[in-house]
Amino acid sequence: MSGTISMTSSNPAEAAALAAAPDPAVIAAMANAFFSALPGQPVSLPAVGDVLPTSPSVGAVPSVRSVPSVGAVPSLVAAPALPGAVPSVGAVPSLVAAPAVPGAPPVGIVTRSAPVSPFSGDAEFGALVHSLGGALSLVPQSLETAAPAAAAPAVPGESYYFLDELRAVGSGPGGGVRALPTTPALPASPAGLPTPGSLGFGLDLGLLPEAHRPETIPDLGIAPRPFDPRAIRRDFPILDEQVHGKPLIWLDNAATTQKPWAVIDRLSSFYQHENSNIHRAAHALAARATDAYEAAREKTRRFLGAASTNEIVFVRGATEGINLVAQSWGRRNVGEGDEILITWLEHHANIVPWQQLAAEKGARLRVAPVDDSGQVILEEYDRLLNSRTRIVSFTQVSNALGTVTPAREMVAMAHRHGARVLVDGAQAVSHMRVDVRDLDCDFYVFSGHKVFAPTGIGVVYGKEDVLNAMPPWQGGGNMIADVTFEKTIYHPAPFRFEAGTGNIADAAGLGAAFDYLERIGMDNICRYEHELLVYATQGLLSVPGLSLIGTAKEKAGVLSFVLDGFRSEEVGQALDQEGIAVRSGHHCAQPILRRFGQESTVRPSLALYNTCEDIDALIAALLRIQSGRGHRGV
């Protein structure tokens with residue numbers, strides 16, 4: 001929505017009516033008109049006489065401040081009048097700081113006694129209160145009583161975090177309004193947690209960029225809270241699942257992260273209210289879908305600290321992003337005798353495309369070694385750089401070991417030799433703040449599903465001048481300015497790299513994930529996960545016969561280990577029987593595991609919703625397995 005609404009009239013008769021006492025029916029009709037308006041569209045308020053001809057109407061009402069738009073906001077359904085008094089929820093902060101209207105009842109949350117599906121769209125009930133990518137749809141409280149009833153008692157354990165704390169689906173025991181209490185924050189460090197750095201590893205938070213609050217983030221009127229992973233957990237519905245009769249403990253975040261309600265609801269809303277192809281039609285849904293897609297591009301730009309949305313290309317994931325750079329930039333700029341430099345830490349997706357390019361062009365693929373802790377040996381990396389190095393491609397965080405590479409220093413070293421640099425950020429984006437301009441990398445790639453967004457959506461960041469000098473790597477619709485049988489003229493970046501219909505809905509979901517993370521704060525997440533990593537490392541080292549693979553000082557969210565006498569697959573299967581999801585295998589990173597004499601490892605990996613209790617359950621299960629009392633696999 002944009003602009004404001006002023007309930008005034010130039011008609012003398014109506015102006016006289018507006019000076020009279022407030023009428024609830026008029027307020028309700030005007031509120032419904034306001035809340036049912038489409039994003040970016042003018043609000044058509046009903047005439048006073050159309051509402052209640054024989055009744056005096058509302059006095060002058062101060063303008064209501066509009067809510068800044070965050071991407072495409074789904075249409076808001078006006079709630080029909082509900083019989084009886086409806087209590088308000090005093091615990092929920094107001095979205096819009098609107099001036100009080102003398103004599104008018106407050107606006108609150110509408111609910112009913114029976115549980116409601118979050119996706120019901122129940123016309124009889126009206127509009128549910130959802131958190132959708134940073135936008136909230138509110139419904140006016142029943143106006144049949146002048147004073148709200150007292151809020152229902154809080155339901156223990158039902159707090160929601162930031163964007164999802166205003167969600168009001170379902171109800172507490174006995175029906176009525178489900179209050180949203182504040183969960184007490186966890187202590188700064190769990191009991192017995194060693195001081196960060198006391199084990200000789202952990203993220204150096206001093207190297208991270210200063211936190212900043214982008215001006216385009218709307219003020220939702222929600223006060224900051226201490227970081228509380230238990231409250232965050234309740235934003236992720238899949239964490240309520242049971243596996244083999246046990247509560248799910250999700251420690252496979254390096255493979256994929258789970259999705260909060262904010263993302264799930266955003267996808268549902270897109271398909272309910274905005275679904276259309278983009279950029280190709282003049283109808284309303286095409287405009288909504290285009291707004292959603294391009295708003296996600298802007299949110300991605302902001303999340304990465306890029307200079308322009310022209311530097312943000314949507315792809316299917318990090319793998320496709322690396323292939324795009326290898327096939328488009330690489331084919332044009334790498335020739336016979338040139339060199340491509342990677343490291344021992346790389347995922348197969350950052351090895352195979354460069355092998356293919358080197359074989360096609362007659363170039364040489366060189367590999368920077370790592371030390372016994374799993375960190376890149378910078379002296380050797382620097383020695384491998386030379387005037388023949390055309391491109392360097394390396395991971396910011398190792399998916400197999402959790403090593404955090406000195407990315408900024410490595411980029412600068414490569415640039416001194418005139419090489420372009422691609423940073424694989426697939427494992428970094430969920431754990432730490434990323435600033436591509438601070439890194440000064442030429443390309444940065446990641447997958448949405450690693451950062452609490454849907455699968456099938458990913459991003460290539462590229463410096464704008466570099467992207468515009470690259471040829472398209474796929475041809476089709478949407479990436480062309482003009483086509484004749486003799487010649488095709490391509491759009492500039494980013495559209496020249498987005499042939500065909502993009503993954504529009506999942507791009508909107510990616511934007512919702514960024515909204516969610518920005519409300520929590522990436523620096524808060526980084527600090528919390530650092531403490532959890534130290535706690536988990538200490539616990540794993542207490543298990544007899546367990547060896548950690550990868551002990552670099554700078555690590556993020558990944559622990560890789562082997563257990564004497566057990567194959568990694570056996571351990572993974574046994575943990576699964578306990579409801580604990582970890583990854584076992586080579587993690588698509590066989591070279592680095594073989595560097596440490598392993599063909600596979602067990603890999604628990606962390607996210608913002610994991611807790612010390614998850615780690616305790618993992619350690620207890622490993623102790624049972626090690627002692628022979630746990631489940632044995634085949």
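The values are calculated or read from the model by the stated rules, or taken from the named source; none is laboratory data. Given the structure is predicted, the values throughout are model-derived calculations rather than measurements. When we count neighbours, we look across all protein chains shown, and the Cβ atoms used for this are built from the backbone with ideal geometry, even at glycine. Keep in mind that these areas ignore ligands, DNA and RNA; they rest on the heavy atoms of the full protein, side chains included. Shrake-Rupley method; radii C 1.70, N 1.55, O 1.52, S 1.80 Å.
So, in the stretch 221-273, of the ones that are open to solvent by 20 Å² or more (accessible area, probe 1.4 Å), under 22 Å from VAL429 (Cβ atoms) and basic (Lys, Arg), which residue ends up farthest from the chain's Cα centre (by Cα)? Looking at residues that are open to solvent by 20 Å² or more (accessible area, probe 1.4 Å), under 22 Å from VAL429 (Cβ atoms) and basic (Lys, Arg), I get ARG233.
Only one of VAL451, VAL483, VAL466 is within 17 Å of GLU311 (Cα to Cα) and aliphatic (A, V, I, L, M). Can you tell me which?
Sole residue among the options that is within 17 Å of GLU311 (Cα to Cα) and aliphatic (A, V, I, L, M): VAL466.
Looking across the stretch 396-428 at every residue that is without any contact (Cβ under 8 Å) to a residue 60 or more places away in the chain and in a loop (DSSP other than H, G, I, E, B), the one that is least open to solvent (accessible area, probe 1.4 Å) is identified as GLN396.
Looking only at the stretch 551-569, which residues are open to solvent by 20 Å² or more (accessible area, probe 1.4 Å) and either assigned to a helix (DSSP H, G or I) or of a type in the set (Gly, Ala, Ser) (or both)?
Going through the stretch 551-569, the residues open to solvent by 20 Å² or more (accessible area, probe 1.4 Å) turn out to be 551, 553-554, 562, 564-567, 569.
Hits for the stretch 551-569 are GLY565, GLU569.
Counting only helices (runs of 4 or more DSSP H) that sit completely within the stretch 444-550, those holding 3 or more residues that are over 22 Å from GLY425 (Cα atoms) correspond to 522-541.
When GLU241 is tested against (1) closer than 30 Å to LEU618 by Cα; (2) in contact (Cβ under 8 Å) with a residue 60 or more places away in the chain; (3) not aliphatic (A, V, I, L, M), only condition (2) is not met. Looking across the stretch 354-374, the residues that are crowded, with 23+ Cβ neighbours inside 10 Å and of a type outside the set (A, V, I, L, M) come down to TRP354, GLY374. Scanning the stretch 296-341 for residues being over 26 Å from PHE452 (Cβ atoms) and in contact with a strand residue (DSSP E or B) (Cβ under 9 Å, 6 or more places away or on another chain) gives a total of 11. Taking the stretch 274-286 as the range and being open to solvent by less than 50 Å² (accessible area, probe 1.4 Å) and farther than 18 Å from PHE314 by Cα as the test, the residues that pass are GLU274, ALA286. ILE312 meets the conditions (1) open to solvent by 10 Å² or more (accessible area, probe 1.4 Å); (2) closer than 24 Å to VAL429 by Cα in every case but one. The failed one is (1). Filtering the stretch 429-443 down to residues that are in a loop (DSSP other than H, G, I, E, B) and of a type in the set (D, E, K, R), which residue is nearest to GLU498 (Cα to Cα)? Here the residue is ASP442. Inside the stretch 597-624, residues that are in contact with a Phe, Trp or Tyr (Cβ under 7 Å, 6 or more places away or on another chain) and surrounded by fewer than 24 Cβ atoms within 10 Å (Cβ to Cβ) make up a count of 2. Residue count for the stretch 324-341 under the criterion of being out of contact with any Lys or Arg (no Cβ under 6 Å at 6 or more places or on another chain) and buried (at least 23 other Cβ atoms within 10 Å of the Cβ): the result is 6.
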